[in-house]
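> Sharing a structure here in structure tokens format.
Derivation of every value follows stated rules applied to the coordinates shown; laboratory data play no part. On a predicted model such as this, the values are computed, not experimentally measured, just so you know. Every residue, glycine among them, receives a Cβ derived from its backbone with ideal geometry; neighbour counts consider all protein chains shown.
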Amino acid sequence: MQRKLPPQTPTTLWKNWPVSTHLNADFFRTAIRCYCEDIESLGLSLELSHDFEAFQKSSNAMPDTKYVNPAFDPALNSLPPDQTFWINVYQHHPDNCVSYIAAKQLPYTSLRHALEGLRFWYGKGLIPDGTSIQELSVDPHSRIQGRLSYSGRLYTHPDWRRKGLARLLSHLVRTLCLARFDVDYHFGVMNHILERKNQNAQYRFPNIERWLHLDFRYRQEVPIDLWLTVLYMSRQDLLKELGTTLEQRQSLLARA
């Protein structure tokens, strides 16, 4: 049985989150603190946890989560605490979750390899009947190579949408992944309908590739036809994003 670690609050998170030795720890911890403070300014609290049984419980309690993916289901993936985490944003009490996101370091060094066979969703290889890839056009020559991290299952309760939580959580989780896992690329997937609605404007992934097309069945009785775009950022993209965040924060403080 995997040892469960206690959840981290914002103070312990930005002070104690591991940062790779060759990276600037002060730079990363300042960025993490900025994102946490922006979330708390909405009257919310957050904690980082490695307990994915609790993650499944929170996800199952939310409305409109019928079509979520299985990437962080502990029954279908190995989720060791030194390679995975999720962030719970809540009001008043951790059980009152209003938004969440999860992330993990992948044991693959090629984006194409992670996508083939849906390895990034089904780490144990237990793909259910009714799920299969129909088309994979992303990175056909396997040029995206290196240490990989993936984030997904981002969800915000309808009462808390349009307040910037999706943007803040996306940026925070990418910062945490780069700091701890020292990744070369971070990626996620998005339903093509959301991409056409310009949803990526919130997440700000600079690279988008089509398609990951599949028949998909997870919580559904009947498989659905799912067209996904794959969004990714390089290490250079991530560092540039962090620099912009800190510059903007310094500018705001200077005008205050």
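> Could you work out the Kirkwood radius for the chain, taking every pair of different alpha carbons, averaging 1/r and inverting it, reported in Å?
Computed over Cα pairs of the chain, the Kirkwood hydrodynamic radius comes out at 18.7 Å.
> Using the per-residue mean of other Cβ atoms lying within 10 Å as a proxy for protection, in what order, highest first, do the peptides 154-161, 112-119 fall?
112-119, 154-161
> Would you calculate the convex hull of the Cα atoms in the range 43-113 and tell me its volume per residue in Å³?
Hull volume normalised by residue count: 112 Å³.
> Once you place label points 7 Å from the Cα toward the Cβ at S142 and W160, how far apart are they in nm?
4.1
> Could you work out how far helix 235-255 tilts from the main Cα principal axis of the chain, as a 0 to 90 degree angle to the nearest 10?
Roughly 30 degrees, rounded to the nearest 10.
> Moving on to the next point. Starting from the amide H of W211, placed 1.01 Å from N in the peptide plane, find each other amide H under 5 Å away whose residue is 5 or more places distant or on another chain.
S137, V138
> Can you count the Lys pairs in the range 10-248 with C-alpha separation below 27 Å, eight or more apart or on different chains?
Lysine pairs meeting both conditions in the range 10-248 amount to 18.
> Separate question: Between R33 and N198, 0.36 nm times their residue separation minus their Cα-Cα distance comes to what?
Result: 56.6 nm gained on full extension.
> Okay, moving on. Amide H neighbours of G123 under 5 Å, counting only residues 5+ apart in sequence or on other chains, H built in-plane at 1.01 Å?
Excluding prolines and chain starts, which carry no amide H, the hits are S78.
> What's the ranking of 183-194, 216-227, 166-177 by average number of surrounding C-beta atoms within 10 Å, highest first?
Output ranking for 183-194, 216-227, 166-177: 166-177, 183-194, 216-227.
> May I pose another question? Show me the ranking of peptides 83-92, 41-50, 10-19 by mean Cβ neighbours inside 10 Å, starting with the highest.
The peptides rank, most packed first, as 83-92, 41-50, 10-19.
> I'd like the FRET efficiency for K124 and N191, computed as 1/(1 + (r/R0)^6) with the beta carbon distance as r and R0 of 25 Å, rounded to 0.05.
Once rounded, the FRET efficiency stands at 0.55.
> For the charge dipole of the chain, defined by +1 on Lys and Arg C-beta atoms and -1 on Asp and Glu C-beta atoms about the Cα centroid, which residue among P140, H50, S170 has the Cα displaced farthest towards the positive pole?
Value: S170.
> A follow-up question, please. How are the alpha carbon pair distances in the range 54-160 distributed across 5 Å bins from zero to the largest one, expressed in percent?
Each 5 Å bin holds this share of Cα pairs: 2, 11, 20, 20, 19, 13, 9, 4, 1, 0.
> Can you pull the one-decimal nm distance between simple spin-label points at Q91 and V222, each 7 Å off the Cα toward Cβ?
3.7
> What percent antiparallel are the DSSP beta bridges of the range 10-248, to the nearest 5?
The answer is about 95 percent antiparallel.
> While we're on this one: Which one, F181, N191, T109, is farthest towards the positive end of the dipole of the chain when Lys and Arg carry +1 and Asp and Glu -1 on their Cβ?
F181
> I'd like the Karplus ³J(HN,Hα) series for the range 131-144: coefficients 6.51, -1.76, 1.60, θ = phi - 60°, whole numbers in Hz, and an x wherever there's a Gly or Pro.
So the J values, rounded to whole Hz, are 10, 7, 7, 9, 7, 9, 9, 7, 6, x, 9, 6, 7, 8.
> Related question: Just to confirm the number: angle between the C-alpha axis of helix 165-181 and the first principal axis of the chain, 0 to 90 degrees, nearest 10?
90
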